[in-house]
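The next block holds one structure in the form of structure tokens; read it before the comments.
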Amino acid sequence: MTLQAILFDLDGTLIDQFEAIHKAFSRTISSMGIAPPSYEEVKRSVGGASDATMAKLIGHERAEEAVSILRPIFEEEMFNGLRALPYVMEGLEELCRQGLQCAVLTNKHGPHARSACDHLGLSKFLKFTTGANDTKWKKPDPNLTKLALREIGVPRKQTVYVGDSPYDYETARNSNLSCHLVATGTHSFNELSELKAQSTHQDFKSLTDHLLTVRKGNV
């Protein structure tokens, strides 16, 4: 069946917000009297919602407390260093021009995800951006993906999921979606290639070209 829709992860797939994420997590953890994590430690921990990331960094016992401190700090930092990843603007524009519907399904706090997309001018290419706390589910729960499929209005067999991590691969697999991975975020090309997704790419240009080939029925 012809490819009609793409659900995207956000951090590391469409945007680079790791500078702000690292600063916000470091400020939060330092305020709790704990040694702050390095940039790489934070980057490798991102993928689940904030509570899951925080639990990886400081343990489960104080994760909930830390997240309550984190949110206002992140809102102070959130646009610092924020950028669209290379070729994302051009790629989304071309995908939409070719008739594909695009949307974001992320574990970033929903209002923060939408603010980032608005700030960068990505929202005009997206039918919706759904994030953590918009529903009672988080990735990789298939109920969240089912909700997104209903909202985008395209059958599962004509929709793919795109991300940058094993967590995204699990999200797609749990919902029987075709998965395409791009090594622009938390994991290397070699690490992602081991997952055996439908395709794995070094950059967003390669990903876009491949999805347009799939759209034309040549793969």
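Can you pull out every residue in the range 138-153 that is of a type in the set (S, T, N, Q) and either crowded, with 21+ Cβ neighbours inside 10 Å or at positive phi (or both)? Can you show your working first?
Taking the range 138-153 first, the residues of a type in the set (S, T, N, Q) are 143, 145.
Result: THR145, single match.
Filtering the range 110-137 down to residues that are without any contact (Cβ under 8 Å) to a residue 24 or more places away in the chain and part of a helix (DSSP H, G or I), which residue is surrounded by the fewest Cβ atoms within 10 Å (Cβ to Cβ)?
Just the residues of the range 110-137 that are without any contact (Cβ under 8 Å) to a residue 24 or more places away in the chain, to begin with: 111, 114, 118, 123-124, 135-137.
Within this subset, residues satisfying the condition of being part of a helix (DSSP H, G or I) are 111, 114, 118, 123-124.
On the way: PRO111: 15, ARG114: 22, ASP118: 13, SER123: 16, LYS124: 10.
Of everything passing the filter in the range 110-137, LYS124 is surrounded by the fewest Cβ atoms within 10 Å (Cβ to Cβ).
Please work out which residue is farthest from SER45 (Cα to Cα), limiting yourself to the range 197-219 and to residues that are under 19 Å from the mean Cα position of the chain (by Cα) and in a loop (DSSP other than H, G, I, E, B).
Ranking the qualifying residues of the range 197-219, first place goes to GLN198.
Going through the range 44-65 one residue at a time, which ones are in contact (Cβ under 8 Å) with a residue 40 or more places away in the chain and in contact with a helix residue (DSSP H, G or I) (Cβ under 7 Å, 6 or more places away or on another chain)?
Matches in the range 44-65: VAL46, GLY47, GLY48, SER50.
Pull out all pairs, ordered by first then second residue, where Cβ-Cβ is under 7 Å, the residues are six or more apart or on different chains, the first lies in the range 85-98 and is touching a residue at least 60 places away in the same chain (Cβ under 8 Å), and the second is in a loop (DSSP other than H, G, I, E, B) and charged (D, E, K, R).
PRO86/ASP203; TYR87/ASP203
Would you point out which residue out of ASN143, ASN107 is in contact with a Phe, Trp or Tyr (Cβ under 9 Å, 6 or more places away or on another chain) and either part of a helix (DSSP H, G or I) or modelled with pLDDT of 95 or more (or both)?
Working: ASN107 fails: either part of a helix (DSSP H, G or I) or modelled with pLDDT of 95 or more (or both).
None of the others qualify; the one that does is ASN143.
Given (1) over 19 Å from LEU92 (Cβ atoms); (2) within 16 Å of the chain's Cα centre (by Cα); (3) aromatic (Phe, Trp, Tyr), identify the lone condition not met by PHE189.
Checking PHE189 against (1) over 19 Å from LEU92 (Cβ atoms); (2) within 16 Å of the chain's Cα centre (by Cα); (3) aromatic (Phe, Trp, Tyr), the one that fails is (2).
Can you name every residue in the range 3-48 that is of a type in the set (S, T, N, Q), buried (at least 20 other Cβ atoms within 10 Å of the Cβ) and more than 30 Å from VAL214 (Cα to Cα)?
Of the residues in the range 3-48, the ones of a type in the set (S, T, N, Q) are 4, 13, 17, 26, 28, 30-31, 38, 45.
Add one more test, that the residue is buried (at least 20 other Cβ atoms within 10 Å of the Cβ), and what stays is 13, 17, 26, 28.
Residues satisfying the conditions are SER26, THR28.
Looking at the range 146-160 only, could you name the residues that are of a type in the set (Val, Ile, Thr) and part of a loop (DSSP other than H, G, I, E, B)?
From the range 146-160, those of a type in the set (Val, Ile, Thr) are 152, 154, 159-160; that's our starting set.
Correct list: VAL154 only.
So VAL88 clears everything in (1) within 21 Å of LYS139 (Cα to Cα); (2) in the same structural domain as GLN202 (by TED's automatic domain parsing) except one condition, right? Which one?
The number of the failed condition is (1).
Please determine whether any residue of the range 18-41 is in a loop (DSSP other than H, G, I, E, B), under 20 Å from the mean Cα position of the chain (by Cα) and not assigned by TED's automatic domain parsing to the domain that holds ASP168.
Of all residues in the range 18-41, those in a loop (DSSP other than H, G, I, E, B) come to 32-38.
From the residues that got through so far, the ones that are under 20 Å from the mean Cα position of the chain (by Cα) too are none.
For the range 18-41, residues in a loop (DSSP other than H, G, I, E, B), under 20 Å from the mean Cα position of the chain (by Cα) and not assigned by TED's automatic domain parsing to the domain that holds ASP168: absent.
For the range 48-68, name all the residues that are in a helix (DSSP H, G or I) and of a type in the set (A, V, I, L, M).
Of all residues in the range 48-68, those in a helix (DSSP H, G or I) come to 50-58, 63-68.
Hits for the range 48-68 are ALA52, MET54, ALA55, LEU57, ILE58, ALA63, ALA66, VAL67.
Can you spot a residue in the range 86-102 that is of a type in the set (Lys, Arg) and more than 26 Å from SER26 (Cβ to Cβ)? Outline the logic, then answer.
Keep residues of the range 86-102 that are of a type in the set (Lys, Arg), which gives 97.
Still in the list and also more than 26 Å from SER26 (Cβ to Cβ): 97.
There is at least one residue in the range 86-102 that is of a type in the set (Lys, Arg) and more than 26 Å from SER26 (Cβ to Cβ).
Search the range 78-90 for residues being under 16 Å from the mean Cα position of the chain (by Cα) and part of a helix (DSSP H, G or I), and hand back the single one that is farthest from PHE18 (Cα to Cα).
Once the filter is applied, the top-ranked residue is MET89.
The values are calculated or read from the model by the stated rules, or taken from the named source; none is laboratory data. The structure displayed is predicted, hence computed values, not measured ones. All Cβ positions, even for glycine, are placed from backbone atoms using ideal geometry, and neighbour counts span all protein chains on display.
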